[in-house]
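What follows draws every value from the coordinates through simple rules; no lab data is involved. Please read these numbers as outputs of a predicted model, since none were measured by experiment. Virtual Cβ from ideal backbone geometry, glycine too; neighbours counted across all protein chains shown.
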Amino acid sequence: MPKARPADYRSKIRKPDDFDAFWSDVLRQASTVPLEPEVVPDPLRTSDDVEVFQVFYTSIDHVRIAAWYCRPVRRAARTPAVMVLPGYQMDPPIPKEWARKGYVALSVAPRGKLRSNRQFNPGYPNLLTHNIVDRHTYAYRGFYVDTWRGIDFLLARPEVEPTLLGVTGSSQGGGLTITTAAMRPEVRAASAGAPYLCGFADAIELTHTYPYEEINDYVRRHPERRADVEQTIAYFDGINFADRISCPIIMNIGLQDNVCPPETGYVLFDRIGAADKRLYPYDGHGHDAGRARHGAVTDAFFARHLPGREVSP
Amino acid sequence: MTQYWDDVLAALARYPARPEIEPLPLRSTTFATLYGVRLTSLGPYRLFGYLSIPTGAGPFPAIYYPPKYQSVLEIIPQGTANLQRSRYVTFSLAGRGQRNADTPYAAMFPGLLTEGVDDAASYMFRGIVADSVRGLEFLLTRREVDATRVVVAGNDIALITAALGSGATSVVTTPALFYRTAELAPKTNGYPLEEINDYLHLHPARAEAVRRTLAHYDLLGFAPGVTAATLLMAGAPGTLLDGPALGPLATALRGPVTVYESQQSLYKDGLYSERWMAEQCGITDVQSILPEHWRD
């Protein structure tokens with residue numbers, strides 16, 4: 001078994017002085033763009049117990065964002081909702097299993113993902129370093145906002161109970177869970193697995209696997225731009241968002257995670273501002289972060305914090 | 001091999017690969033050079049792949065990553081140490097519909113598994129299998145490759161490629177799409193097999209046509225054509241594709257077979273696979289090319 005990784009790792013992540021001002025300005029820009037939601041039934045994916053829709057809405061820079069939207073056929077008039085956020089390379093899933101657990105569920109495809117790539121498509125690899133020398137045009141500026149706007153979509157739905165919103169995801173979805181919980185106070189419970197986009201500057205030294213390796217590739221090719229890269233990523237690091245989180249949150253990490261180093265998970269967890277937080281470190285696990293065992297923990301967590309659902313028989 | 005696949009391979013042979021190979025300096029290192037490769041497959045259809053060649057005197061063992069069931073084409077699988085590229089030639093291929101090979105056809109995920117599934121002659125995977133065979137053919141043309149040490153690693157397509165193509169000396173396969181599909185899909189509501197359930201829910205009259213198409217792709221039909229050493233990556237005990245479920249497949253393979261049941265840990269499963277490939281290729285210091293967090 002590999003040696004244990006230190007839980008007291010000394011991170012180099014520092015929040016820029018104008019971090020809050022930067023994101024306030026981004027949110028101001030986003031607020032000028034109408035959501036223009038469109039909900040299209042998808043009979044191919046709809047089953048006897050779950051209704052499936054393709055959803056589209058507009059985000060910052062007027063980029064049209066796609067999502068999958070599922071709701072249980074049998075549900076209360078106002079139902080708790082969970083937003084599901086995708087990994088870096090994965091294609092956003094149709095969240096039928098969340099609907100079968102009794103939630104309305106939205107699975108967002110941020111810009112660049114399939115069905116959201118007509119106006120923005122840097123590709124993979126490349127997304128992580130697209131305009132990485134400029135925080136005002138860096139890929140994740142819009143990418144983050146796309147996920148936050150998913151909350152606006154849910155709040156506008158008549159079947160959603162607006163006081164019972166959760167957010168979850170693993171890997172990049174875990175990182176996006178952190179930033180969404182931080183920036184959207186309407187989120188009442190969050191579950192983040194193996195969070196990516198948290199501790200960029202640490203991770204590129206701790207591991208040499210893709211996707212983080214994209215940054216090492218970029219800096220090796222353009223060493224003169226290192227300072228600009230370091231400046232930009234500080235504005236997008238989930239660790240720097242974490243103190244804004246106030247909702248109950250759970251996190252799971254794998255102690256042999258070869259994609260998102262566990263050291264960064266510990267630092268992130270320490271910075272989370274919520275009083276009700278709990279970390280589940282899984283020894284003997286990699287980037288799965290103990291998912292098979294942790295699923296029951298997540299289910300119980302959301303059942304406790306997002307009550308009022310009806311479970312499909 | 002059936003007439004169906006004889007016809008596919010014959011049709012593929014009518015199109016020369018005509019590869020274009022361009023260095024990609026951004027992804028090249030002191031220990032490996034990366035190239036973008038464009039080549040022609042059945043259709044004709046122009047594909048894209050990433051070819052990585054280690055620095056130094058070859059020939060080197062090779063790992064071929066055939067098309068995966070996702071839109072993204074990876075240079076090497078996520079989480080693999082970049083140093084893998086220092087010891088192996090690696091070649092990853094986007095099948096038609098995946099990113100970098102999505103013109104004129106862009107696949108949807110979910111969606112690809114049932115694209116044209118009611119007609120075996122036009123089923124999209126007919127072309128994807130041909131793409132994968134073409135990719136292996138291309139890799140074996142490279143003088144840097146040691147033809148006695150060629151691993152094909154992926155999902156069902158890896159095993160199918162090893163059966164239809166020639167040159168694979170080892171196979172790592174994780175069945176997910178084409179093992180007793182018509183029989184197993186109704187027993188799950190998880191994707192990708194849920195795509196079959198979705199399709200038949202909307203088009204029940206096409207069930208027999210779908211069954212006929214899928215029969216051409218069943219791994220049990222390909223297994224007798226695989227003589228390479230095979231690592232069969234099964235699901236965790238009790239899951240749909242666990243060791244006992246894949247037992248008939250293991251028995252039908254003609255080469256030596258190792259069945260590994262998932263421990264539901266990407267670390268443990270990945271480490272086993274990395275070590276197995278290294279052993280097959282005579283690499284004795286696998287520790288040096290593992291991810292940092294997997295090393296002893």
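For a test of the definition: using alpha carbon positions, the gyration tensor, and the 1.5 limit on a/c, classify segment B:205-296 as rounded, prolate or oblate.
Working: a/c = 2.70, a/b = 1.85, b/c = 1.46.
Prolate shape, in that a/c is at least 1.5 and a/b is the bigger ratio.
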With +1 on each Lys and Arg Cβ and -1 on each Asp and Glu Cβ, and nothing else charged, work out how big the dipole of the protein assembly as shown is about its Cα centre, in Debye to the nearest 20. 140
Alpha carbon centre of segment B:128-185 versus segment A:162-234: separation in Å? 34
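Where the eigenvalues come from the Cα gyration tensor of segment B:27-123, what are the semi-axes √(5λ) of the equivalent ellipsoid, largest first, in whole Å? Can you show the working numbers first?
Numbers: eigenvalues 174, 36, 24 Å².
Square roots of five times the eigenvalues give 29, 13, 11 Å.
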Between A:ALA192, A:ALA275, A:ALA109, which gets the highest mean-square fluctuation from a Gaussian network model of chain A, Cα cutoff 10 Å? A:ALA275
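What's the FRET efficiency of B:GLU22 with A:HIS222 using the Cβ-Cβ distance as r and R₀ = 25 Å, to the nearest 0.05?
On the way: r = 19 Å, r/R0 = 0.78.
After rounding, the FRET efficiency stands at 0.80.
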Against the longest alpha carbon principal axis of chain A, how many degrees, from 0 to 90 and to the nearest 10, is the axis of helix A:139-155 turned? 20
If r is the Cβ-Cβ distance from B:THR141 to A:PHE22 and R0 is 51 Å, what FRET efficiency results, to the nearest 0.05? 0.50
Restricting to aspartates and glutamates and to Cα separations under 18 Å from A:LYS101, and discarding same-chain partners fewer than 8 apart, the set is A:ASP48, A:ASP49, A:GLU51, A:GLU159, A:GLU161, A:ASP299, A:GLU310, B:GLU194
Got a sec? Charge dipole of segment B:187-296, +1 on Cβ for Lys and Arg, -1 for Asp and Glu; which of B:VAL286, B:GLY247, B:TYR267 is way out at the positive end? B:GLY247
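Please work out the Kirkwood hydrodynamic radius for segment A:167-216, using every pair of different C-alpha atoms, and report it in angstroms with one decimal place. The partial results should precede the final answer.
On the way: mean 1/r = 0.0880 Å⁻¹.
11.4 Å is the Kirkwood radius here.
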May I ask you to derive the relative contact order of chain A, considering only C-alpha pairs under 8 Å and at least 6 residues apart, and to give it as an integer percent? 19
Once Lys and Arg are counted +1 and Asp and Glu -1 for all other residues with Cβ under 13 Å from that of B:ALA236, the total becomes -1
In degrees, nearest ten, helix A:19-31 long axis to first principal axis of chain A (Cα): 40
Give, as a single signed number, the net charge of other residues whose beta carbon lies under 13 Å from the beta carbon of B:VAL117, with Lys and Arg counted +1 and Asp and Glu -1. -2
For a Förster distance of 41 Å, can you work out the FRET efficiency between the beta-carbons of B:THR55 and A:ASP283, rounded to the nearest 0.05? 0.70
In debye, nearest 20, what is the charge dipole magnitude of chain A about its Cα centre with +1 on Lys and Arg Cβ and -1 on Asp and Glu Cβ, if you could check? 460
Å³ per residue of the Cα convex hull, for the protein assembly as shown? 140
Work out the charge dipole of the protein assembly as shown with +1 on the Cβ of Lys and Arg and -1 on the Cβ of Asp and Glu about the Cα centre, then indicate which of A:THR232, B:PRO54, B:ALA207 is farthest towards its positive end. A:THR232
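Convex hull over the alpha-carbon atoms of segment A:19-305: what's its volume per residue in Å³?
Numbers: hull volume 33.8 nm³, N = 287.
It is 118 Å³ per residue.
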Taking the Cα centre of segment A:195-285 as the origin, how large is its charge dipole in debye, to the nearest 20, when only Lys and Arg (+1) and Asp and Glu (-1) carry charge on their Cβ atoms? 200
Using alpha carbon centroids, what distance separates segment A:36-114 and segment B:1-69, in Å? 36
In whole Å, what three semi-axes, largest first, describe the equivalent ellipsoid of segment A:1-118 built from its Cα gyration tensor (square root of 5 times each eigenvalue)? 32, 24, 15
Tell me which trypsin sites (Lys or Arg not before Pro) from segment A:80-169 have a DSSP coil assignment and no more than 14 other beta carbons within 10 Å of their own. A:ARG118
With Cα coordinates, the longest principal axis of chain A makes an angle with the long axis of helix A:172-183, in degrees rounded to 10, of 80
Between B:THR284 and B:LEU184, what is the label-point separation in nm under the 7 Å Cα-to-beta-carbon projection? 3.8
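Work out how much length B:ALA250 to B:HIS203 would gain on full extension: take 0.36 nm times their residue separation and subtract the Cα-Cα distance, in nm to one decimal. All intermediate terms of the calculation are to be shown ahead of the outcome.
Details: separation 47, 0.36 × 47 = 16.92 nm, distance 3.35 nm.
Fully extending the segment from B:ALA250 to B:HIS203 adds 13.6 nm.
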Going toward the positive end of the dipole of the protein assembly as shown, with +1 on Lys and Arg Cβ and -1 on Asp and Glu Cβ, which of B:ALA130, B:MET277, A:SER59 do you reach last? A:SER59
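Rounded to the nearest angstrom and ordered from largest down, what semi-axes does the equivalent ellipsoid of segment A:184-299 get from its C-alpha gyration tensor (root of 5λ)?
Values: eigenvalues 142, 67, 18 Å².
Sorted largest first and rounded, they come to 27, 18, 9 Å.
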If you project the alpha carbons of segment B:3-289 onto their three principal axes, what span does each projection cover, largest first, in Å? 58, 41, 31
Go ahead and set up a Gaussian network model of chain A, Cα springs under 10 Å, then flag whichever of A:ARG75, A:ARG45, A:ARG291 fluctuates most. A:ARG45
How much net charge surrounds A:VAL145 when only other residues with a Cβ under 10 Å from its Cβ are counted (Lys, Arg +1; Asp, Glu -1)? +1
